[in-house]
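See below for the structure under consideration.
The values are calculated or read from the model by the stated rules, or taken from the named source; none is laboratory data. These numbers come from a predicted model, not from an experiment. With ideal geometry, Cβ positions are generated from the backbone for all residues, glycine too; neighbour counts draw on all protein chains shown. Surface areas here come from the heavy atoms of the whole protein model, side chains and all, with no ligands, DNA or RNA. Shrake-Rupley method; radii C 1.70, N 1.55, O 1.52, S 1.80 Å.
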Amino acid sequence: MQTNRIVITGADGFVGSEVAKLYLSKDFEVLALDVSIKPNRLPSHHLLRYECINLFTESNRLKKLLEDFRPNSFIHFAWDGSAGEKRCDYSLQLKNAELNVKCLEMAASAGCSRFVGAGSIMEYEVEAAMHANGLRPGLGYIYGMGKHIAHAMSKSVAAKLGIDFLWPMITNAYGVGELSPRFINATLRKIINHENLEFTSGTQNYDFVYVTDVAKAFFLVEQRGKDFNEYMIGSGKAAPLREFIVEMISACDPHAIPHFGDVPFTGINLPKSTFDITNLVEDCGFKPEISFREGIMKTYEWLKRIEA
């Protein structure tokens, strides 16, 4: 499918900005929407139109922007509370899910042929946790619940409205430009500051994918993905978390000593099959370019510079 106008919400965020930059590099007109007064990550570009907007409160303005811009596709990243304590705010996460549906409806009303959401592998964790008798899931699962609700409601509404619906699901994105306290950044900061490295036993399966590969995956899904399909975005090399931690320490500080088992693990261990990216490869032609070691070194050196 060929498009030349794309609207991206959350376009000045960690992942959204990389996606926007990729579209600009391919000569697409991009309407970038974000809450920042001015973009912090996006470059100046003749094909970029940036608008500061609060999507929760300015629905009429969003409708007008879409009518004027007439995009072919809509990619929705805007999500308040994707990291930190806000992940546990059920009221906020429900509002995020509702906003996802409203953006879908506006995209369809404006004539978009495709709507691309931004799901999370935590949706699978949530589903498993909710059906696991005796498990006491932590509040952090509420974020994944919000994504799961957004996915389910949006898919049904899209079917009614007749707009193509695609739902890429990110395993764990990381890389240069991320400022959040999520696992990779938190661990790298501890390495930089020579703090104790305490972890769970690390037997639970994980995958990590560098942010530029994530951006490429979203571009390919929007262009080539089959409608009403979900696509897992990862490196294709899922492994127990312990292996990623050992690789991280080996790359950044071989003298550091990880302590496995000091932190209790009470979550869900997903099977490696959950992380499978076969349909992303076969349908969209995706091939990751940045190895975990290369991506970690890039991120580590960047963090050292900005926090020196």
So which of G134, G119 is within 19 Å of the chain's Cα centre (by Cα) and among the small types (G, A, S)?
G119
Which of (1) farther than 22 Å from E178 by Cα; (2) under 18 Å from the mean Cα position of the chain (by Cα) does P258 not meet, given it meets every other one?
(2)
Filter the stretch 221-255 down to residues that are open to solvent by 20 Å² or more (accessible area, probe 1.4 Å) and under 15 Å from the mean Cα position of the chain (by Cα) and give me whichever is farthest from S156 (Cα to Cα).
S235
Among the residues of the stretch 212-227, how many are touching a Phe, Trp or Tyr at 6+ places or on another chain (Cβ under 7 Å), over 16 Å from I277 (Cα atoms) and of a type outside the set (D, E)?
0
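Check whether at least one residue in the stretch 199-211 is buried (at least 21 other Cβ atoms within 10 Å of the Cβ), β-branched (V, I, T) and in a helix (DSSP H, G or I), and report yes or no.
yes
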When you go through A129, A173, A97, A107 one by one, which is the residue that is in contact (Cβ under 8 Å) with a residue 12 or more places away in the chain, in contact with a Pro (Cβ under 6 Å, 6 or more places away or on another chain) and small (G, A, S)?
A129
Are any residues in the stretch 1-42 under 14 Å from the mean Cα position of the chain (by Cα), β-branched (V, I, T) and farther than 18 Å from I53 by Cβ, and if so, which ones?
V15
Looking at the stretch 296-308, I want the residues that are of a type outside the set (S, T, Y) and at pLDDT 95 or above and have a partner that is surrounded by 15 or more Cβ atoms within 10 Å (Cβ to Cβ) and not in a helix (DSSP H, G or I) with Cβ atoms under 6 Å, at least 6 apart or on another chain. Which pairs are those?
K298/V176; W302/V176
What number of residues within the stretch 181-198 satisfy the criterion of being buried (at least 19 other Cβ atoms within 10 Å of the Cβ) and among the small types (G, A, S)?
0
Could you check how many residues of the stretch 90-102 are in contact with an Asp or Glu (Cβ under 9 Å, 6 or more places away or on another chain) and over 20 Å from N172 (Cα atoms)?
3
For the stretch 127-143, does any single residue satisfy the condition of being assigned to a helix (DSSP H, G or I), at pLDDT 95 or above and open to solvent by 40 Å² or more (accessible area, probe 1.4 Å)?
no
Among the residues that make up the stretch 285-297, is at least one of them in contact with a Leu (Cβ under 9 Å, 6 or more places away or on another chain), of a type outside the set (D, E, K, R), in a helix (DSSP H, G or I) and within 27 Å of M232 (Cβ to Cβ)?
yes
Going through the stretch 173-188 one residue at a time, which ones are at pLDDT 95 or above, in a loop (DSSP other than H, G, I, E, B) and more than 14 Å from the chain's Cα centre (by Cα)?
V176
Considering the stretch 79-96 alone, what residues qualify as being open to solvent by less than 50 Å² (accessible area, probe 1.4 Å) and either of a type in the set (K, R) or closer than 18 Å to I163 by Cβ (or both)?
R87
Of the numbered conditions (1) open to solvent by 70 Å² or more (accessible area, probe 1.4 Å); (2) outside any helix (DSSP H, G or I); (3) of a type outside the set (D, E), K160 fails exactly one; give the number of that condition.
(2)
Top-ranked residue of the stretch 256-284 - restricted to ones that are among the polar types (S, T, N, Q) and outside any loop (DSSP other than H, G, I, E, B), ranked as surrounded by the fewest Cβ atoms within 10 Å (Cβ to Cβ)
S273
